[in-house]
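Since every read-out is calculated from the coordinates, none of them should be taken as a lab result. The model shown is predicted, which means the values in this text are computed figures rather than measured ones. Glycine gets a Cβ as well: all are built from the backbone with ideal geometry, and neighbour counts include every protein chain shown.
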Amino acid sequence: MNTLPEDALHIAALGLGGNIGDPPAAMAEALRQLDARDSCRVVSVSRLYSTPPWGKTDQADFFNCCALVETRLDPEDLLEICLSIERAMKRVRLERWGPRIIDIDILTYGSREMKTSKLEVPHPRMTERGFVIMPLADVAPDLIVKGKVVRDWLENVDTAGIKVAEESRDWWRRV
């Protein structure tokens, strides 16, 4: 695990998922790659969840998790790192909400709110998705998103069919 100097650090919440191949292994590898960078440090990872598909429902179930990452990168540079990890893992974007090997979304970046052509934080649909809010509540239940804490969003989001696939939060170090 790397260490970062105490100045200029930001906490970003990431959502990871996939439903092709071995998604837990892909997410674990992505987290290890982020943690190995001098500019990032994984500080907390949620339990691993098995979740029904959302949006496009005629596909295999997903695995999902959330992670908190300390970073010196600005949000768009962090996004580029996440996209480069996806590309290296052969992520192909054929259809919206379609099957994927790996998906890494920036959910929040500190308390920053921003919208550019590349990135919107907080993630615009995160509070509608149980597969995001449930694992995010594992690592940041008191995080304020769109004026409410995550634990309050969890009370109002559909979590039907979401199951804990791995209880240990260190799953990503062992997969």
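Working note: 222 nm ellipticity from helices only, DSSP H runs with n ≥ 4, each -39,500 (n - 2.57), summed and divided by the residues of the chain, gives -8000 deg cm²/dmol to the nearest 500. For segment 122-133, backbone phi angles converted through the Karplus equation (6.51, -1.76, 1.60; θ = phi - 60°) give residue-by-residue couplings of x, 3, x, 10, 4, 6, 8, 10, x, 5, 9, 5 Hz, Gly and Pro being listed as x. Shown here: segment 10-162, whose C-alpha atoms stretch 38, 36, 29 Å along the first, second and third principal axes, sorted largest to smallest.
Cα centroid separation, segment 129-175 to segment 14-93: 14 Å.
Projecting the Cα atoms of 89, 15, 73 onto the charge dipole of the chain, computed from C-beta unit charges around the Cα centre, puts 89 farthest toward the positive end. Taking Cα centre as origin and charging only the Cβ of basic (Lys, Arg, +1) and acidic (Asp, Glu, -1) residues, the dipole magnitude of the chain rounds to 340 debye. Computed 3J(HN,Hα) for segment 61-78, one whole-Hz value per residue from the Karplus formula 6.51 cos²θ - 1.76 cosθ + 1.60 where θ = phi - 60°, is 4, 9, 10, 9, 7, 10, 9, 9, 10, 7, 8, 9, 6, 6, x, 6, 5, 4, glycine and proline marked x. Most tightly packed first, judged by the mean number of other beta-carbon atoms within 10 Å of their residues, the peptides 153-160, 36-43 read 36-43, 153-160.
Comparing 47, 100, 125 in a Gaussian network model of the chain where C-alpha atoms under 10 Å apart are linked, the largest mean-square fluctuation is found at 125. Summary of packing: across the peptides 117-123, 28-34, the per-residue average of other C-beta atoms within 10 Å ranks them, highest first, as 28-34, 117-123.
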